[in-house]
Amino acid sequence: MLKLDGVTIRQDDFTLTADLCIPTGAHVAVIGPSGAGKSTFLGAIAGFVPVSAGHVIWDRQDLTALGPSGRPVSTLFQDNNLFPHLNVFQNIALGLKPSLRVTTTERAQIDQAMGRVGLSGFGARKPAQLSGGQQSRVALARVLLRARPLLLLDEPFSALGPALKAEMLTLVGDICAETNITLLMVTHDVGDARVISEQTILVADGHATGPFPTAELLDNPPPALRDYLG
């Protein structure tokens with residue numbers, strides 16, 4: 001279980017609080033008005049954003065004092081964080097070995113991850129030779145190799161077309177279900193939330209609240225969300 005216990009985040013004149021629990025293996029959307037702090041909320045869980053008060057707890061382990069590398073978290077960002085001078089195999093291998101000096105066993109793991117996301121035979125290509133969807137698959141394969149139990153998505157597929165985005169969301173959902181990964185996904189598209197997330201956290205008016213049943217929240221939104229949805 002992921003628990004944000006009395007968490008307060010302060011950045012200049014911005015404050016965000018969170019006091020909530022997310023069950024292990026849950027798929028949770030994070031929605032709210034632009035500028036409300038959705039990415040900041042994910043950043044606090046990942047360790048990129050320090051908290052001013054409270055505790056971030058995973059499976060009864062207090063993560064609050066740990067940096068990003070010490071947390072059981074992988075994050076997918078919108079730009080995919082691919083290195084243009086490295087090929088697909090090398091970009092994925094970074095999830096296991098930043099030195100890229102992989103063993104025979106690790107090479108087999110990388111090949112398996114490429115196959116799982118539909119990239120078999122693409123190992124020698126550079127990111128510039130890939131479509132946007134294929135680049136997203138490289139980033140997802142790297143996350144698979146890291147084998148962290150928490151996956152945070154900060155709108156990594158927002159630049160994709162509707163059909164390709166739906167395909168990627170389905171792939172992520174399937175992988176998370178197979179491996180019991182706990183998924184949190186920031187999205188501006190309520191359709192995405194309905195597709196992949198049975199629960200939703202609302203970030204608005206300085207608070208992250210929930211999680212709420214997704215359909216119930218979106219069908220009967222509170223005023224802050226209603227204004228945003230229009």
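The values are calculated or read from the model by the stated rules, or taken from the named source; none is laboratory data. Being a predicted model, the structure only gives us computed values, none of them experimental. Please note: Cβ atoms are built from the backbone with ideal geometry, for glycine as well, and neighbour counts cover all protein chains shown. Quick note on the areas: whole protein, heavy atoms, side chains included, nothing else; ligands and nucleic acids left out. Shrake-Rupley method; radii C 1.70, N 1.55, O 1.52, S 1.80 Å.
A few comments on the model shown:
- Candidate lysines - alpha carbon under 21 Å from residue 3, same-chain residues fewer than 8 apart omitted: 38
- In Hz, Karplus ³J(HN,Hα) per residue of the range 24-36 (6.51, -1.76, 1.60; θ = phi - 60°; x = Gly, Pro): 4, x, 6, 10, 10, 7, 10, 10, x, x, 4, x, 6
- Note that the chain presents 46 Å² accessible area per residue, ligands and nucleic acids not counted, probe 1.4 Å.
- Share of carbon and sulfur in the accessible heavy-atom surface of the range 81-163 [1.4 Å probe, %]: 52
- Accessible area of the range 8-79 belonging to carbon and sulfur atoms, whole % at 1.4 Å probe: 49
- Note on the chain: with charges restricted to the Cβ of Lys and Arg (+1) and Asp and Glu (-1), its dipole about the Cα centre is near 1020 debye.
- For residue 201, residues with placed amide H under 5 Å, excluding near neighbours: 29, 30, 31, 212
- Listed residue (153, 135, 109) projecting farthest to the positive dipole end of the chain, Cβ model: 109
- Listed values for the range 131-136 are Karplus-derived 3J(HN,Hα) couplings in whole Hz (6.51 cos²θ - 1.76 cosθ + 1.60, θ = phi - 60°), namely 6, x, x, 5, 4, 5, and x replaces Gly and Pro.
- Applied to the range 58-63, the Karplus parametrisation 6.51 cos²θ - 1.76 cosθ + 1.60 on θ = phi - 60° returns per-residue 3J(HN,Hα) values of 10, 6, 6, 9, 7, 9 Hz, with x for Gly and Pro.
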